[in-house]
1. Conditions: (1) more than 14 Å from chain B (Cβ to nearest Cβ); (2) under 24 Å from B:T504 (Cβ atoms); (3) surrounded by fewer than 19 Cβ atoms within 10 Å (Cβ to Cβ). A:S201 meets all but one. Number of the miss?
2. Go through segment B:291-309 and report how many residues are surrounded by fewer than 24 Cβ atoms within 10 Å (Cβ to Cβ) and not in a helix (DSSP H, G or I).
3. Say whether the condition of being β-branched (V, I, T) and in a helix (DSSP H, G or I) is met by at least one residue in segment B:563-577.
4. For A:L120, all conditions in the list (1) in a loop (DSSP other than H, G, I, E, B); (2) at pLDDT 95 or above hold save one; what is the number of the exception?
5. Could you grab me the full set of residues in segment B:538-562 that are of a type outside the set (A, V, I, L, M), within 11 Å of chain A (Cβ to nearest Cβ) and within 19 Å of B:F494 (Cβ to Cβ)?
6. Among strands (runs of 3 or more DSSP E) lying entirely in segment A:1-116, which contain 3 or more residues that are within 26 Å of B:R507 (Cα to Cα)?
7. Could you look through segment B:50-86, keep only residues that are within 14 Å of another protein chain (Cβ to nearest Cβ) and among the charged types (D, E, K, R), and pick out the one that is surrounded by the most Cβ atoms within 10 Å (Cβ to Cβ)?
Amino acid sequence: MSAKVAFTIDGKEVQGEQGQTILQAAALAGIYIPHLCAMKGLSPWGSCRVCTVMVNGRPQAACTMPITEGMVVENDTPELKDLRSSMVEMLFVEGNHFCMFCEKSGNCELQAMGYRLGMLAPRHDYMFPTRTVDASHPDVLLDFNRCILCARCIRASQELDGKHVFDFTHRGGHKRIGVNAANGAAGTDLKVTDRAAAAESCPVGCIIKKRVGFAVPIGQRRFDTQPIGSDIEAGRAATK
Amino acid sequence: MADNSSTNRQICEKFGNDRGRLMDILLSVQAQAGCIASEALDDIAESLSMSRIEVESAATFYAFFSSQPRGRFVIRVCNDIIDRLSGMERIAAALRADLGIEFGQTTKDGLFSLEYTPCIGMSDQAPAMLVNDTVVTRVSTDMVHEIVQTLKATKNVGQLKLTLGDGNNGHPLVRAMVQNNLREPGAVVFAPSTPGVALQRALSEQPVEVIKIIKASRLRGRGGAGFPTGMKWEFTRGAAGDRKFVVCNADEGEPGTFKDRVILTEAAGLMFEGMTIAGYAIGAAEGILYLRGEYTYLRPFLEDILAKRRAAGLLGRDILGKSGFKFDVRIQLGAGAYVCGEETALLSSCEGKRGDPKTRPPFPAQKGYLGLPTVINNVETYCAAARIMENGPGWFTSMGTQGSAGTKVFSVSGDCSSPGVYEIPFGITINELLARVGATDTGAVQVGGAAGRMIGPGEFGRKLCFDDLASGGSIMVFSSQRDVLAVAQAFMEFFVEESCGYCTPCRVGTRLLHDRLGRFLCGTAELADIDYLEQTGKAVKIASRCGLGQTAANPVLGTIQSFRKEYERRVKADGSVFRAAFDPRKAVAAASGIAGRESDHFGNQKGGAKP
C-alpha cells in the first residue's frame, strides 16, 4: 500500500496515494477534471492542456502533475473553464471537424467536451487545413481531418499492443500522425483488433473501423444522454 | 539504391549502431545524400533496430533535414527582424534573380537551394546568411553575385573569397568571416585566464565544498531563467545513481543573441573548464556540449581545444593528477530547432529524438539525459563557475547587484552605432546601456529576444538584472522610426515556425495570435481584436507546456502593454465590423483549377469579390 497523500481540490479534502497524478487522484475521488489526451491505462502525456488546473496558484497539467501533501488545487473556476474552452476551440479550428456527418458524433470526446464547456461557436478563426485521408488499410480508415494530435493511438500501439504503428512527424503547425510504413497504414502491422484501433483510443473520429459505421444509432451513443465526465462524477455520487 | 544503402549502413556503424546517436547519423546522411530519403529511413531503422516511423519522427522535426534532395549548396538567408531591417529583402531578391528560383526551391542543375532561416547569431553583422556551414556576414548584392558565380564556377565553398574576422575567427580551424565585435570585455568571462588554474583550485577542495563556493557566489543561470547554479549542482549531486552528466547548452537560438558564439570563439577553454569543475562537483564523468547547427563552423576548432585539454591532462583520466577523477566532453550538433534551447528539449535531441520538451517533474537533476541525473547550464554560466573557483565567491559578489551577482554578457544589435558584445556588471539601466552602444532616438528596446519583452522610452530607467528585466542577454534596439507592430509580427512568425507542436496552446495559439495581429498591420482590425489578442495571449502563456510556449505570446502581450496606442491607431476608422474574411473566388480556386474554368457567377468581375 502506497503512502497516503492529502490535498485539496476546490477546497475539498482529497486523499490520494503517492505516485498518482492530480487527474488520477481526482477521478478516484469522483471529481472530474476535463481532459482529452489523458486516457486510463496509458502513460501521462500532457499535450492537450484541457486539464490545466492551478496548483498553489501556478498553472499545471493535472494529467502529468504528481500529487504532493498539502497541495492546493483549483479546478472548477470560471477562469479555468474559459481557458479550457479556448483550448478545445483551438482544436476545433485547427482541424476540419464536421460533426453532422462524422461517424464518431455522439461518441466523440472533443464534441462532448465542447458541449460540457458550453462552447457555442469557436472564438478563434477557422484554419480549414488541407489534410489527408489514409484508406489503404483493409479494415481501418484514418481521417486526419479530425486528428487532434493527442498521441493516444501512439501510446496505445506501443504500450498496449507492443507495436509502433503510429508516431508524430514534422513539427509545429505541420505536426501530424505518421504510420510505420512508406505506403500508408496498409504497410503496417496494424490489426483491426489492436487497442490502438479501438474506438476508445481515438477521442475523435480519426481512427474509424470500416464497415461497422453507425452500428449504434445517433441518439443512443455514449454522450447523447449524459455529458462527458458523468461516469467519474457518478463515482462520487456512489461514494456519498 | 544499393550504393546509398550501404553508405547509410556504414554511417550507422560509424556511430556504433547506437540509436542514441541518431542526430549524428541523420546529419551525416543529410550531408552525404543531400536529403534523408524514404529508403534512408528504412536503412537507418534496420541498422539501429528501431521502427521506421521513429526515425522519420526525428528526421522530420529538424529544419536542417530534408526528405527531398537539396542543392549541393544550401543558401540559408537569415530572416531575423534585425536582418530584415538591414537589407535582407535586397539580398533575397538578388539571390532569386541570380539563381532563377524562389525560396524553398532547388535549381534544376541541383546546385543551389534557397531557404530562410531564423536568427543565426549574427545580428551585429546583418544581413547574414549561411552557405552550407559557411557564414557570410554583412552581405551585399555585389557579394551575392560574386558568391553565386564562384560557386557555379568552382563548385567549392572553400573557394569563396571571404574576409576573415578578428581574433580566433581567423584561426586555421575556424577561418570565418565572423567578427567578434567584443566591445567591452568584462572581469569574468572575457578576462584573460590560464587553463587549469580554476580546475586545480576546485580539485583541491572536496566536491561538496565546490558546490558551497558556487552557492556562496550566488551565481544564477545565464540562459535567462536565472536558477541558482549551486542549488542545481547540489540537487544533481544528491540524486540517486552512479552515472551522471554535465550538459552545456550552446544552442543559442534566441533572436538577437550571439554572445555564446563569441564565448565559444574566444573563451571555450574556460567553458570546458567550468564543465569539468561541474563534473567533479556532482560526480559525473561525461559531458556533452550541445552546439547549435548554425555554429557547425566552430566544431573543428572546439574539438581541437578538447584534444589539447586532453593532452594537457585537463580532460580524460586522473585529471591534473587527481586519482580517480575522470571527465570528458563530446560535442552534439543540433540541426535547426530553436526549441532545443529549452533544456529538456535539448536533452531529447541529445538522445537522438525529436526536440520535444520533456514532462516536468521530474527535473533533469533527477532524470535528465537518458533518464539519468544531469546538470545543464548555459555556456556563460560554466565560464562564470570556473572564474568563481579561481577568484573566490567574494570577488564575484562584489560585482552586480544583491539578487544578480557578477557580470552579464549582452548581445546588442539593431539601431545603434556599436552593435556587439558587452560584458557588464548586472544592474545597468537600459538608458546607460543605450548610451554605451551609441543608440540615439531609440523608440523601443526588445529585452531578451523574441521571448522577452519590448519596452518603450518610459521604461528605459529599468535595470538589467534578475529582479527587474531578466534576460539571456539579447538586446535589440529599435529607433523611433521603426514599426513596433511589424517587429512583434516578425517574432510571432518566428514562434509559429519554431513551436514544436506538442501542446495545443503553443501549436495553435501562436498561429491565431500571428494572424489576428496581422489584421492590425493590414488595416482590417477592430477594437475588439485587442481584447482577443490579450485573452488568447494569456491563454497561451498560462496553458503552454514549456518555456517556449509560455513566452510565445510575449511579442503581442508586451506591445499591447507598452505600445497600446499603436494598436488603437490602426483600428479601422469607420468602426465597421465587416471584415474581408471570405473571398469566394479564393474559396473555389482549387475547384476552378480542377475544372479548368472559373464559375460563371464571377461574370466579368476582375479580382476577388468586394469586401
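The values are calculated or read from the model by the stated rules, or taken from the named source; none is laboratory data. Quick caveat: nothing in here was measured; it's all calculated off a predicted structure. Because the Cβ atoms are built from the backbone with ideal geometry, glycine has one as well, and the counts that use them run over all protein chains shown.
1. (3)
2. Here the count works out to 1.
3. We begin by selecting, within segment B:563-577, every residue β-branched (V, I, T); these are B:571, B:577.
Then keep just the ones that are in a helix (DSSP H, G or I); that gives none.
Scanning segment B:563-577, I find no residue that is β-branched (V, I, T) and in a helix (DSSP H, G or I), so the answer is no.
4. (2)
5. The first filter runs over segment B:538-562 and keeps only residues of a type outside the set (A, V, I, L, M), leaving B:538, B:541, B:544-547, B:549-551, B:554-555, B:558-559, B:561-562.
Then keep just the ones that are within 11 Å of chain A (Cβ to nearest Cβ); that gives B:538, B:541, B:544-546, B:549-550.
B:K541, B:S544, B:R545, B:C546, B:G549, B:Q550, listed by residue number.
6. Working: elements: A:4-9, A:12-17, A:52-55, A:58-61, A:72-74.
In segment A:1-116, A:52-55, A:58-61 are the strands (runs of 3 or more DSSP E) which contain 3 or more residues that are within 26 Å of B:R507 (Cα to Cα).
7. Initial filter on segment B:50-86 (within 14 Å of another protein chain (Cβ to nearest Cβ)): B:50-68.
Narrowing the set further to residues that are among the charged types (D, E, K, R) leaves B:52, B:54, B:56.
On the way: B:R52: 23, B:E54: 22, B:E56: 25.
Among those residues, the one meeting the criterion is B:E56.
Residues checked against (1) under 25 Å from B:K538 (Cα atoms); (2) out of contact with any Ser or Thr (no Cβ under 7 Å at 6 or more places or on another chain); (3) modelled with pLDDT of 95 or more:
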position	(1), (2), (3)
A:M1	no, yes, no
A:T8	no, yes, yes
A:Q15	no, yes, yes
A:A27	no, yes, yes
A:P34	yes, yes, yes
A:G41	no, yes, yes
